[in-house]
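These notes concern the structure reproduced below.
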Amino acid sequence: MENTQTMLKMYLQHLIQPGDQVIDATAGRGKDTLFLAECVGPEGRVFAFDIQEEAIQSTRELLAAHKMLDRVALFQESHTEIGRLVPQGIRAAVFNLGYLPGSSQTIITGPETTLRAVNDTLKLLVAKGAIMLTVYRGHSRSLEEANTLNAYAAELSKKDFHVLQGMYLNQGETSPYWLTIQKNRGDHS
Ligand SMILES: C[S@@+](CC[C@H](N)C(=O)[O-])C[C@H]1O[C@@H](n2cnc3c(N)ncnc32)[C@H](O)[C@@H]1O
């Protein structure tokens, strides 16, 4: 898990430029939001979503402790609202799926909502912008989510998107994996 995140972060540090607009679709405890806030710099903007008050509060506190609250728009909303609340021109979006660490495992991302959020986010990306998903498949619901996402991503036009998957070959079939979807052109909608 830690290694998956490290690799994605290296990619994101390369992709995101100061002043960019990015999305954290699952703010959780705020670690990814903070990382994204550092990447976009003082002139950039992070749009961060989580349905749980506890997650939004944790994220707000972490950002405030690092004096980065002013570059983040925090929404206690489902990421299905991304299409309504986020403007065009997004460089990168991070989806760290699953449940809030240290909290209820019943509040968890799901296939239909994640798919809708990913689909809406693709429409907001600039050319060469990308979505990075960390996907879990440790139980039936997350396996269903993983299978739904894979089927969706595999059907995306290769003219419009580069779709890559990375997984551990030595950590078993239920280990987390990553999926990146990079947009080739800016005119897809
Ligand atoms: C694995 S955690 C995210 C970890 C986080 N990125 C961090 O750095 O701490 C997944 C989060 O997704 C949130 N979540 C579940 N369904 C959601 C939805 N429909 N929209 C937005 N967030 C959702 C959960 O509340 C949980 O906090």
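The values are calculated or read from the model by the stated rules, or taken from the named source; none is laboratory data. Remember, predicted model here, so these are calculated numbers, not experimental data. Using ideal geometry, Cβ is built from the backbone for each residue, glycine included, and neighbour counts are taken over all protein chains shown. Accessible surface areas use protein heavy atoms only, side chains included; no ligands, DNA or RNA. Shrake-Rupley method; radii C 1.70, N 1.55, O 1.52, S 1.80 Å.
Remarks
- Residue, farthest from the ligand (Cβ to nearest atom), within segment 111-128, restricted to residues that are under 14 Å from the mean Cα position of the chain (by Cα) and open to solvent by less than 40 Å² (accessible area, probe 1.4 Å): Leu125
- Segment 75-101, residues that are open to solvent by 40 Å² or more (accessible area, probe 1.4 Å), in contact (Cβ under 8 Å) with a residue 24 or more places away in the chain and not in a helix (DSSP H, G or I): Phe75, Gln76, Glu77, Pro87, Gln88, Arg91, Pro101
- Taking the criterion of being part of a helix (DSSP H, G or I) and either of a type in the set (S, T, N, Q) or open to solvent by less than 20 Å² (accessible area, probe 1.4 Å) (or both), the residues of segment 9-31 that qualify are Leu12, Gln13.
- Total residues in segment 37-64, condition basic (Lys, Arg) and open to solvent by less than 50 Å² (accessible area, probe 1.4 Å): 0
- Test: residue in segment 51-66 that is part of a strand (DSSP E or B) and within 14 Å of the ligand (Cβ to nearest atom): no
- Checking each residue in segment 135-161 for being under 17 Å from Tyr99 (Cα atoms) and in contact with a helix residue (DSSP H, G or I) (Cβ under 6 Å, 6 or more places away or on another chain) picks out Val135, Tyr136, Arg137, Glu144, Glu145.
- Of the set (1) in contact (Cβ under 8 Å) with a residue 12 or more places away in the chain; (2) of a type in the set (A, V, I, L, M, F, W, C); (3) more than 18 Å from Gly30 (Cα to Cα), all apply to Ala154 but (1).
- Any chance Phe35 is among the hydrophobic types (A, V, I, L, M, F, W, C) and not in a helix (DSSP H, G or I): no
- Verdict on Gln165 being outside any helix (DSSP H, G or I), under 17 Å from Asp50 (Cβ atoms) and free of Cβ contacts under 8 Å to residues at least 24 places away in the same chain: no
- Conditions (1) in contact with a Pro (Cβ under 9 Å, 6 or more places away or on another chain); (2) within 12 Å of the ligand (Cβ to nearest atom); (3) within 19 Å of Gln21 (Cβ to Cβ); number of the one not met by Arg71: (2)
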